[in-house]
Amino acid sequence: MPDQSLDKEIFNTKSSQKGINRRSFIGGMTALGVSGIASSFTLPVKVSFLPLQEANHKVIRNGYVLTMDAQRGNLPRGDVLISGGKITAVGEKLEVPAGTEEVNAENMMVLPGFVETHWHIWNSLMRSLIGSKPGVGYFEMKDLIGQHFRPQDTYAATRFAVAEALNSGITTLHDWNHNVRGPEYAEASLRALKELGIRGRFSQGQAAAGEPYVDLELLEHLHQHWADYSNEGLLKLGLASARITDDDPKRKKEVIKARELGLPVSVHADTLSGFEDLLGNDFQIIHAMEMDKKAFEKMAKTGASVSFSPFSEMRIGFGLPPVVDALNSGVSIGLSVDTTPLSGNADMFALMKVFLNLTNGMAQDEFKVSARSVLEIATNEGARSLGMENVCGSLTPGKRADVIMVSVKDINMGVLTDPENLLVLSAQPANVDSVLVDGKFRKRNGQLVGINQEEIISEARGSLNYLLKKSGW
Ligand SMILES: [Zn+2]
């Protein structure tokens, strides 16, 4: 959600804190003699997270394979061969190297993992906290609670959200962090993202309240030393800029700085007013609530993308996202969780379904958008919108192996005729049997792998209790 609080003068407590954080941050780095972010806050040792010993070669056999690759289509009984984290072959009855691990995908649909395109992961602790009357609305609560965050709360929230994402078949996400209250907060996010092994973009934004601009010095530092944080290329860096307006040149400067560094940009915006000249294929616009077909066509021409989060847009009363105009314009579209305090959960199946229903409802046309098109938006279109189309989004040999297996045996599934319809209209996260990111199992046989769910929940509760107390709740 956009940060509407920025125009109000509230919780302006950050600047002095920031100086301390930066000193300890730089000091810690020097002490360690390394270029990476030093551990300037204490975290418990995670004995539950063990390195995964997995076969280098794996073959997923006899699944209903939806490659989401226009050249390859669907294989009703197909195999996917994975070697060293990469997809090396997709076909029927594949011959495989000696020592290849066989993974049985009978009664499973096999498809690329979902690509989520905008999510304020840090506030996932606030699920269920947003009320239905003034005083306890989303923006008020976000700013109230957000100002008390410690780095370990960001860490706990990130683990909480990422574990849920993996459990529901999301293999790539966009961590749009607009509560980076100091370097340690970026460190906490990046550490959690790395530990849980998800692919994604970490976009550095401002702090939730009291700080209207992004710390560009930190962004530059992260960029320079990104090799230390990128988890061998799984994580990318970007800029999360607040609303850009004509009368605020500093926001434009943020975008220009990001461009100098070669980093992609993401902004909350409802119109193109004030920044049309900045559009490009590295530019993502979130919500776009007041845009029409013409505006989306302008975006499409430059390669810019739009991210819709229908659940939060409706829940907070923004209205219905202009999905029909966006589809008609040819702009690249991604789906987003946005914020679980409003959207409730990280469920790409539900997002696909609401997108399809909204589109057909608004167009008053039963056939306006197909389940196939919506599945493309949740996979390869999402990857395109994050600039990762050569890495993930389809089961194409040469891409990294981000693969999910969805069971058709469960009671809400059971009968398979059209796999796209079944995935978009009937499937739920509970049907996700297995998830691989970069060729490694993160969920298998319905259970998260290498992730202690109870510990993550307990940490999230601990952090929330602390934050509520500090907030006088
Ligand atoms: Zn947002």
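The values are calculated or read from the model by the stated rules, or taken from the named source; none is laboratory data. Keep in mind the model is a prediction, meaning the values are calculated, not measured. All Cβ positions, glycine included, derive from the backbone under ideal geometry; neighbour counts span all protein chains shown.
Give me a count of the residues in segment 381-398 that are out of contact with any Pro (no Cβ under 7 Å at 6 or more places or on another chain), of a type outside the set (Lys, Arg) and surrounded by 21 or more Cβ atoms within 10 Å (Cβ to Cβ).
Of the residues in segment 381-398, 6 are out of contact with any Pro (no Cβ under 7 Å at 6 or more places or on another chain), of a type outside the set (Lys, Arg) and surrounded by 21 or more Cβ atoms within 10 Å (Cβ to Cβ).
Return yes or no: is Val415 touching a strand residue (DSSP E or B) at 6+ places or on another chain (Cβ under 7 Å), farther than 14 Å from Leu111 by Cβ and surrounded by fewer than 21 Cβ atoms within 10 Å (Cβ to Cβ)?
No, not satisfied.
Residues in segment 209-253 that are crowded, with 17+ Cβ neighbours inside 10 Å and among the β-branched types (Val, Ile, Thr): how many?
Total meeting the criteria: 2.
Kindly check whether there is at least one residue in segment 329-339 that is of a type outside the set (Phe, Trp, Tyr), modelled with pLDDT of 95 or more, away from the ligand (no atom under 15 Å from the Cβ) and surrounded by fewer than 18 Cβ atoms within 10 Å (Cβ to Cβ).
Within segment 329-339 (the criterion being of a type outside the set (Phe, Trp, Tyr), modelled with pLDDT of 95 or more, away from the ligand (no atom under 15 Å from the Cβ) and surrounded by fewer than 18 Cβ atoms within 10 Å (Cβ to Cβ)), the answer is yes, since at least one residue qualifies.
Each row is one residue, and each column tells you yes or no for (1) in contact with a Leu (Cβ under 7 Å, 6 or more places away or on another chain); (2) modelled with pLDDT under 95; (3) among the hydrophobic types (A, V, I, L, M, F, W, C).
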| residue | (1), (2), (3) |
| --- | --- |
| Arg77 | no, no, no |
| Ser83 | no, no, no |
| Glu102 | no, no, no |
| Gly113 | no, no, no |
| Glu116 | yes, no, no |
| Trp122 | no, no, yes |
| Tyr138 | yes, yes, no |
| His148 | yes, no, no |
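In this structure, is Gly63 modelled with pLDDT under 80 and outside any loop (DSSP other than H, G, I, E, B)?
Criteria not met by Gly63.
Kindly list the number of the only condition in (1) in a loop (DSSP other than H, G, I, E, B); (2) away from the ligand (no atom under 16 Å from the Cβ); (3) surrounded by 23 or more Cβ atoms within 10 Å (Cβ to Cβ); (4) not small (Gly, Ala, Ser) that fails for Asp69.
(3) is the only condition that Asp69 fails.
Residue-wise test of (1) acidic (Asp, Glu); (2) surrounded by 23 or more Cβ atoms within 10 Å (Cβ to Cβ); (3) within 16 Å of the ligand (Cβ to nearest atom).
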site: Asp277; (1), (2), (3): yes, no, no
site: Phe296; (1), (2), (3): no, yes, no
site: Ser309; (1), (2), (3): no, yes, yes
site: Ile316; (1), (2), (3): no, no, yes
site: Gly319; (1), (2), (3): no, no, yes
site: Leu356; (1), (2), (3): no, no, no
site: Gly361; (1), (2), (3): no, no, no
site: Val369; (1), (2), (3): no, no, no
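Among (1) within 16 Å of the ligand (Cβ to nearest atom); (2) of a type in the set (D, E, K, R); (3) outside any strand (DSSP E or B); (4) surrounded by 20 or more Cβ atoms within 10 Å (Cβ to Cβ), where does Arg201 come up short?
Arg201 satisfies all of (1) within 16 Å of the ligand (Cβ to nearest atom); (2) of a type in the set (D, E, K, R); (3) outside any strand (DSSP E or B); (4) surrounded by 20 or more Cβ atoms within 10 Å (Cβ to Cβ) except (3).
Could you list, in sequence order, the residues of segment 174-186 that are within 13 Å of the ligand (Cβ to nearest atom) and in contact with a strand residue (DSSP E or B) (Cβ under 8 Å, 6 or more places away or on another chain)?
Applying the first criterion (within 13 Å of the ligand (Cβ to nearest atom)) to segment 174-186 yields 174-179.
The answer is His174, Asp175, Trp176, Asn177, His178.
If I filter segment 331-379 down to residues being hydroxyl-bearing (Ser, Thr, Tyr) and within 14 Å of Phe311 (Cβ to Cβ), which single residue comes out as farthest from the chain's Cα centre (by Cα)? Walk me through it before giving the result.
Our first condition is that a residue be hydroxyl-bearing (Ser, Thr, Tyr); within segment 331-379, this holds for 332, 336, 339-340, 343, 359, 370, 373, 379.
Next, from what is left, pick out any that are within 14 Å of Phe311 (Cβ to Cβ): 336, 339-340, 343.
Values: Ser336: 7, Thr339: 10, Thr340: 12, Ser343: 14 Å.
This residue is Ser343.
Go through segment 452-469 and give me each residue that's buried (at least 20 other Cβ atoms within 10 Å of the Cβ) and part of a loop (DSSP other than H, G, I, E, B).
Scanning segment 452-469 gives no hits.
Looking at Ala269, Ala288, Ala346, which is the one that is modelled with pLDDT under 95, in contact with a Phe, Trp or Tyr (Cβ under 8 Å, 6 or more places away or on another chain) and within 16 Å of the ligand (Cβ to nearest atom)? Quick ask: steps written out before the conclusion?
Values: Ala288 fails: modelled with pLDDT under 95; Ala346 fails: modelled with pLDDT under 95.
Among Ala269, Ala288, Ala346, only Ala269 is modelled with pLDDT under 95, in contact with a Phe, Trp or Tyr (Cβ under 8 Å, 6 or more places away or on another chain) and within 16 Å of the ligand (Cβ to nearest atom).
Quick one: would you say Met109 is within 16 Å of the ligand (Cβ to nearest atom), buried (at least 21 other Cβ atoms within 10 Å of the Cβ) and among the aliphatic types (A, V, I, L, M)?
Considered against the rule, which asks whether it is within 16 Å of the ligand (Cβ to nearest atom), buried (at least 21 other Cβ atoms within 10 Å of the Cβ) and among the aliphatic types (A, V, I, L, M), Met109 comes out as no.
Select from segment 90-118 the residues that are farther than 22 Å from Glu420 by Cα, over 24 Å from the mean Cα position of the chain (by Cα) and of a type outside the set (Ser, Thr, Tyr) and list them in ascending order.
Lys93, Leu94, Glu95, Val96, Pro97, Ala98, Gly99, Glu101, Glu102, Val103
With within 16 Å of the chain's Cα centre (by Cα), in contact (Cβ under 8 Å) with a residue 60 or more places away in the chain and at positive phi as the only criterion, which of Gly387, Gly382 stands out?
The conditions single out Gly387.
If you take just the strands (runs of 3 or more DSSP E) that sit entirely in segment 394-451, which of them hold at least 3 residues that are of a type outside the set (A, V, I, L, M, F, W, C)?
Numbers: elements: 403-407, 432-437, 440-444.
Strands (runs of 3 or more DSSP E) meeting the threshold: 440-444.
Can you tell me which of (1) among the aromatic types (Phe, Trp, Tyr); (2) more than 16 Å from the ligand (Cβ to nearest atom); (3) crowded, with 20+ Cβ neighbours inside 10 Å is the one Phe283 doesn't meet?
Answer for Phe283: the failing condition is (2).
Let's see how each residue does on (1) in contact (Cβ under 8 Å) with a residue 24 or more places away in the chain; (2) within 16 Å of the ligand (Cβ to nearest atom); (3) surrounded by fewer than 24 Cβ atoms within 10 Å (Cβ to Cβ):
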{"position": "Glu95", "(1), (2), (3)": "no, no, yes"}
{"position": "Glu102", "(1), (2), (3)": "yes, no, yes"}
{"position": "Glu116", "(1), (2), (3)": "yes, yes, no"}
{"position": "Ser132", "(1), (2), (3)": "no, no, yes"}
{"position": "Lys142", "(1), (2), (3)": "yes, yes, no"}
{"position": "Arg191", "(1), (2), (3)": "yes, no, yes"}
